[in-house]
Amino acid sequence: MNDLLMEISKIGIVPVVVLDNSQQALPLAKALYDGGIKCMEITFRTTAAEESIRTICKEVPKMLVGAGTVLTVEQVDKAVAAGAKFIVSPGLNPKIVRYCLDKGITIIPGCANPSDVEVAIEFKLDIVKFFPAEAAGGINMVKAMAAPYTNIKFMPTGGIDIKNLNTYLSFNKVIACGGSWMVNKELIKNGDYKTITKLSKEALFTMLGFEVQHIGINMLDVVSADETSKRFETLFGFIKQERSGSFFAGSSIEVMKKQFFGKNGHIAIRTNNVMRAAYHLEQNGVVFDYKTALYDEEGNLRNIYLKEEIGNFAVHLVEKK
């Protein structure tokens, strides 16, 4: 997976945009950006696509812009000349795929069945678009196709919305999902960019799924930690469990046996995907202490502390199991 595809994987959501007027491009891009989604696929279904891509790439340079519904090599040239960083097609057209690969252009072709996937493998692609996702069998079809083709990952698009977003993203062979519910035609037509920003934020936080897992309290020694955890057990019935460096009172209160991260303690925030959560938080200026990072056997980030303290508490992300 190249760096651009890795960035798409970290972003997680790719809004699929149809614009009838290039004047809509800039306010729409800003609305998505303000909602925390810094990627968009502008489809070549209309004549406004090329100029829209050019405007956004010039005025919002941090927005990762791709061209979708690309059906000809001429459209590839127009999209790339306008500033598009990647190409997405609804199907797998060998002529377009070869053209893009020869020019070093990232392409994500559409695949709806195993035969399409095998053609993609012949081109040495490792990411394909699964389209139309829901109509073609949904997440069960993705899992079925992923089983024999272990090195292929998917970007499902078509019929995906806030309700089924995480059904797809929870599967480790899905790098991101394309969707249009936050940029539907009526919202764009009516210039309702506040709602687009609101829906984008909702999509982002739904994807990340932040929840408090536990709160850690720093104590000076084992004796005081034991007494504190016993008190929670006595008062509230939170059963005390001893760990190597702490006691747990129930599942949500951790009492440290000695001073640990944070002046007063730490707060563990669980998330659906630590890598993705860290990426989006870093986009908002959060700094992480990568010396605290923990990875699984496959090299995926699973746990990491923020450098800042909040309310005298250290904060770390931990992946949901």
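The table that follows gives values for the structure above.
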{"item": "Cβ-Cβ under 7 Å pairs, at least 6 apart or on other chains, segment 150-162 side hydroxyl-bearing (Ser, Thr, Tyr), far side surrounded by 21 or more Cβ atoms within 10 Å (Cβ to Cβ) and in a loop (DSSP other than H, G, I, E, B)", "result": "157/131; 157/133"}
{"item": "Residues that are in contact with a helix residue (DSSP H, G or I) (Cβ under 7 Å, 6 or more places away or on another chain) and more than 20 Å from residue 8 (Cβ to Cβ), drawn from segment 35-58", "result": "48, 50, 51, 54, 55"}
{"item": "Test: residue in segment 267-284 that is over 30 Å from residue 40 (Cα atoms), of a type outside the set (Ser, Thr, Tyr) and not in a helix (DSSP H, G or I)", "result": "yes"}
{"item": "Among (1) closer than 27 Å to residue 283 by Cβ; (2) part of a loop (DSSP other than H, G, I, E, B); (3) among the hydrophobic types (A, V, I, L, M, F, W, C), the one test that residue 87 misses", "result": "(2)"}
{"item": "Extreme residue, surrounded by the fewest Cβ atoms within 10 Å (Cβ to Cβ), among residues of segment 86-109 that are free of Cβ contacts under 8 Å to residues at least 40 places away in the same chain and within 12 Å of residue 155 (Cβ to Cβ)", "result": "109"}
{"item": "Any hit, segment 179-193, residues being closer than 28 Å to residue 298 by Cβ, modelled with pLDDT of 95 or more and surrounded by fewer than 22 Cβ atoms within 10 Å (Cβ to Cβ)", "result": "no"}
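To keep it simple, each residue is scored yes or no on (1) part of a helix (DSSP H, G or I); (2) among the hydroxyl-bearing types (Ser, Thr, Tyr); (3) surrounded by 14 or more Cβ atoms within 10 Å (Cβ to Cβ).
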position: 115; (1), (2), (3): yes, yes, no
position: 120; (1), (2), (3): yes, no, yes
position: 129; (1), (2), (3): no, no, yes
position: 133; (1), (2), (3): no, no, yes
position: 136; (1), (2), (3): no, no, yes
position: 141; (1), (2), (3): yes, no, yes
position: 144; (1), (2), (3): yes, no, no
position: 150; (1), (2), (3): no, yes, no
position: 155; (1), (2), (3): no, no, yes
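The rows are residues; the columns are (1) over 19 Å from the mean Cα position of the chain (by Cα); (2) aromatic (Phe, Trp, Tyr); (3) in a strand (DSSP E or B); (4) surrounded by fewer than 18 Cβ atoms within 10 Å (Cβ to Cβ).
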position	(1), (2), (3), (4)
31	no, no, no, no
36	no, no, no, no
53	yes, no, no, no
56	yes, no, no, no
66	no, no, yes, no
81	yes, no, no, yes
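Conditions (1) closer than 20 Å to residue 304 by Cβ; (2) more than 32 Å from the chain's Cα centre (by Cα); (3) surrounded by 17 or more Cβ atoms within 10 Å (Cβ to Cβ), marked per residue:
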residue: 221; (1), (2), (3): no, yes, no
residue: 225; (1), (2), (3): no, yes, yes
residue: 230; (1), (2), (3): no, yes, no
residue: 246; (1), (2), (3): yes, yes, yes
residue: 265; (1), (2), (3): yes, no, yes
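The values are calculated or read from the model by the stated rules, or taken from the named source; none is laboratory data. Nothing here was measured: the structure is a model prediction, and the numbers come from that model. When we count neighbours, we look across all protein chains shown, and the Cβ atoms used for this are built from the backbone with ideal geometry, even at glycine.
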